[in-house]
1. State the antiparallel share, in %, of DSSP beta bridges confined to the stretch 108-228, rounding to the nearest 5.
2. In the stretch 118-223, which chymotrypsin sites (Phe, Trp or Tyr not before Pro) fall in coil by DSSP and have 16 or fewer other Cβ atoms within 10 Å?
3. Roughly to the nearest percent, how much of the accessible area of the stretch 1-153 is carbon and sulfur, given a 1.4 Å probe?
4. Roughly speaking, to the nearest percent, how much of the stretch 189-228's 1.4 Å accessible area is carbon and sulfur?
5. Would you list, by chain and number, the aspartates and glutamates whose Cα falls below 17 Å from the Cα of LYS192, excluding same-chain residues fewer than 8 positions away?
6. Can you list, bin by bin at 10 Å, the percent of alpha carbon pairs in the stretch 1-157, starting at 0?
7. With every protein chain present, what is the per residue accessible area of the chain (1.4 Å probe, Å²)?
8. Lysines near LYS20 by alpha-carbon distance under 23 Å, same-chain residues fewer than 8 away left out - which ones?
Amino acid sequence: MQQRIMVLTGAGMSAESGIKTFRDNDGLWNNYRVEEVATPEAWAANMEIVLEFYNQRRKQLLECSPNPAHFALVQLEDKYDVRIITQNVDDLHERAGSSNVLHLHGELKKVRSTADPQLVFELDGWELKAGDTCPKGSQLRPHIVWFGEAVPNITVASEIAATADILIVIGTSMQVYPAAGLVHYAPHESTKYYIDPAAADNSMLAKLTVIREKAGKAVPELVEILLS
Ligand code: APR
């Protein structure tokens, strides 16, 4: 029976692939606060601004590739049952070859019907425009969990956390819940690592082995240890 590793990743996982994090660059996009654009209210008030926000991020993603941290996590699958739980909406874990990726906050390359949230589609190209409709004739929206919206996959994610033998948290400021709360679901006796160059000292970290280094360097090193 393989040991189970749960990996919780955040924006820092993709930083070295060239994707900006949210709070490292003060969370601004074109002078909008992310918290003001990625919301149902912003969508209702000014759909075009929200569409453009995600179009720009999809366009940027086309120029980005997985980094050594993404590829190292794939190697873990040789010896462990690896479950990636990511707050990221990019597809870099999938493109690196990870077999088990669960997105908590949605997927940038997917869009869904505003009439029926079960109707989810892969977007061709990087642009979603006003007037792009689903087969039921309703406007398509980004398949992203906006601030204030439910996080449907959190239940499955907490069940995975509760069965982890090893927990590795990478590149997240752990400021956004419920994702950040997943750490508390991991069994007391599980081995926990936290990789983040700016990991703050707080009570949550008391149970974690903190590695204050960039993912691109620290993840391959940790994987080598776990595979040896
Ligand atoms: N390697 C590892 N960690 C890094 C690196 C790196 N090269 N560069 C930055 N970091 C760390 C930062 O120190 C920070 O702690 O990544 C973390 C990024 O934190 P945030 O920008 O807050 O991103 P994240 O935690 O993923 O945000 C959670 O907030 O905006 C919402 O829905 C959005 O999923 C996002 C959620």
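1. Just about 45 percent of them are antiparallel.
2. Sites meeting the loop and neighbour criteria: TRP126, PHE147.
3. 49
4. Carbon with sulfur: 54 percent of the solvent-accessible area.
5. The reachable aspartates and glutamates, counting only those whose Cα sits under 17 Å from LYS192, are ASP81, GLU159, ASP165, ASP201, GLU213, GLU221, GLU224.
6. Reading upward from the zero bin: 10, 38, 35, 14, 3, 0.
7. Working: 11010 Å² over 228 residues.
Heavy-atom SASA per residue in the chain reads 48 Å².
8. Excluding near neighbours in sequence, the set is LYS59, LYS109, LYS110, LYS214, LYS217.
The values are calculated or read from the model by the stated rules, or taken from the named source; none is laboratory data. Please read these numbers as outputs of a predicted model, since none were measured by experiment. Note that each Cβ is placed from the backbone with ideal geometry, even for glycine, and that neighbours are counted across all protein chains shown. Keep in mind that these areas ignore ligands, DNA and RNA; they rest on the heavy atoms of the full protein, side chains included. Shrake-Rupley method; radii C 1.70, N 1.55, O 1.52, S 1.80 Å.
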